[in-house]
Every structure is written in C-alpha cells, then in structure tokens.
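Attaching a single structure in structure tokens format; questions to follow.
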Amino acid sequence: MAAPKRAEAKKTPFDIEEAVPLLREAVAPYPKAALFELAAAGHDSVFEILVACIVSIRTRDEVTLPVARKLFEAAPTPADIAALTVPQLDRLINPCTYHEAKAPTILNIAREAVDKYGGVLPCDADALMAFKGVGPKCANLAVGIACGELVIGVDVHVHRVTNRWGYVSAKTPEKTMEQLHEKLPRQLRVEINALLVPFGKHVCTGDRPKCSTCPLLSMCQQVGVTRHA
C-alpha cells in the first residue's frame, strides 16, 4: 500500500491589514525605493519625481539614484534641463538603461513644463500621461509621492508580489493596478510601492524568493513559486 501523502498546511486568507505592519518591519533594514529616497532628500516636486521615474525604467535603484542626483545637481529646474541639448542630457543620464530614448523624452517634458505650466507640473496624472513616454506607473508615482494623491504606481515588484500573494490575479501591471485600486485600502495606495520595491528586491525576489524566512508565509498563496530559499 502506498504511503499516504502528507497534508500541506492550509494557508490563511491574505489579510493586507495584517500584512502591512509585517512588511514595514521586514523592509526597515533595507534602502528606501529610489523615488522615495529622492523625495526624502528634497527632490520632491512632480517634475523631479516624474523625471527620476523615467530614468528608473528598466534600471536598478543603485544606478537610478546617482544618475538622478547628478542630473538635478547639473540642471536643478525644468528650465535648466530645457536649456540642454539632447546630447548634453544623454551624457548626464548615460549610465541608465535606454538613455538614448530617455534623453529626448525628458527634454520634451522639461520644455513643455516650462512653456505650458510655467515650470511647475500639475498634480494631475492624466496631464502627465499626455507627455510622450509617460505611462500610468510614473504618472501615479509622481502625483502620489509629490502631491499625496491616493493612486497606485505598479512596477515589476508590486505586480509580482501582490500576484504571488494571491491578493490579486492579473497578467499585466496595468490589470494589477486596476485590481489594487478596487481592493487596496486607500491609505495604502502610495505606501504599497514604497514597501514592495525593497521587499521584492530583497525578500520576495523574482528567482528563489526567501519564503522560508518570510513573515508573510502563513498567508501567502505562493502563486507561481516553483522553488524558493
């Protein structure tokens, strides 16, 4: 007779209210997400957060932070950046991924910020998404961090982790954002990105997540996890 299979421990339903205090404690030892770090250091305008977010696309925080700081030191205002040429701007952001495409995008935003908005971008995600090259992630992070608007910026970490939890079930970051806007408590909409970027980088990683030491293991559904540490 075959030996009976050992029953797996039953997961408790995922409780975001219970999870958030555990997340705050779990990420406390790690560096802040780049955009939140920049805001804490005084680069907290809509324009600065939006530009830094564009720099961050497909780029690690360890590169994003020094590149954004170098850019804002050399050209602190939209008018200063608007006065640059594309090659000058490209040299300033050269270490980031896709810098050749990002330079004209940032320059266009700076020039429109000066010409259309007097150098001060509005706290309006739809207005920001009217700029070529700006999607919902960067627009929402800009108005969320700079203005306190209760919107969600979904990057690769937020998308992966919330789906792995089983809290949402979505194939794309855009669909994840829609589902999170429906069910995530409003007061957590901005903080969720600040928490899940370091959590996704250091704990709930893309490959071999550290499930055995994760404080959320008892409620995480581990969707799609095939191997873990």
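Step by step: first the residues of segment 56-79, then only those that are without any contact (Cβ under 8 Å) to a residue 12 or more places away in the chain and not basic (Lys, Arg), then the one that is surrounded by the most Cβ atoms within 10 Å (Cβ to Cβ). Which residue is that? So that I can check it myself, show each step before the final result.
Just the residues of segment 56-79 that are without any contact (Cβ under 8 Å) to a residue 12 or more places away in the chain, to begin with: 60, 62, 73, 76.
Still in the list and also not basic (Lys, Arg): 62, 73, 76.
Numbers: Glu62: 10, Glu73: 9, Pro76: 12.
So, considering only residues that are without any contact (Cβ under 8 Å) to a residue 12 or more places away in the chain and not basic (Lys, Arg), the one surrounded by the most Cβ atoms within 10 Å (Cβ to Cβ) is Pro76.
Here's the yes/no breakdown for (1) aromatic (Phe, Trp, Tyr); (2) part of a helix (DSSP H, G or I):
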residue	(1), (2)
Glu149	no, no
Val154	no, no
Val158	no, yes
Val161	no, yes
Tyr167	yes, no
Glu178	no, yes
Cys204	no, no
Ser212	no, yes
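Considering only residues that are modelled with pLDDT of 95 or more and loosely packed, with under 13 Cβ neighbours inside 10 Å, which ones fall in segment 1-17? I'd like the intermediate steps shown before the answer.
The initial filter retains those residues of segment 1-17 that are modelled with pLDDT of 95 or more, namely 15-17.
Scanning segment 1-17 gives Asp15, Glu17.
Condition first: under 23 Å from Ala52 (Cα atoms) and not in a helix (DSSP H, G or I). Now tell me which residues in segment 180-198 satisfy that. Show your work before the answer.
Residues of segment 180-198 under 23 Å from Ala52 (Cα atoms): 188-198.
Within segment 180-198, Arg189, Val190 qualify.
Here is a follow-up. Restricting the search to segment 149-176, which residues are surrounded by fewer than 21 Cβ atoms within 10 Å (Cβ to Cβ), among the aliphatic types (A, V, I, L, M) and free of Cβ contacts under 8 Å to residues at least 24 places away in the same chain?
Hit for segment 149-176 is Ala170, nothing else.
Every residue, every condition in (1) within 26 Å of Glu178 (Cβ to Cβ); (2) charged (D, E, K, R), yes or no:
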position	(1), (2)
Ala41	no, no
Ile57	yes, no
Glu62	no, yes
Leu65	no, no
Ala74	no, no
Glu100	no, yes
Pro104	no, no
Arg111	no, yes
Cys123	yes, no
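Right, something else. Picking from Ala127, Ala146, which residue would you name as being over 19 Å from the mean Cα position of the chain (by Cα) and either surrounded by 19 or more Cβ atoms within 10 Å (Cβ to Cβ) or not assigned by TED's automatic domain parsing to the domain that holds Val225 (or both)?
Working: Ala146 fails: over 19 Å from the mean Cα position of the chain (by Cα).
Answer to the check: Ala127.
The values are calculated or read from the model by the stated rules, or taken from the named source; none is laboratory data. Fair warning: this is a prediction, and the values are worked out from it, not measured in the lab. Every residue, glycine among them, receives a Cβ derived from its backbone with ideal geometry; neighbour counts consider all protein chains shown.
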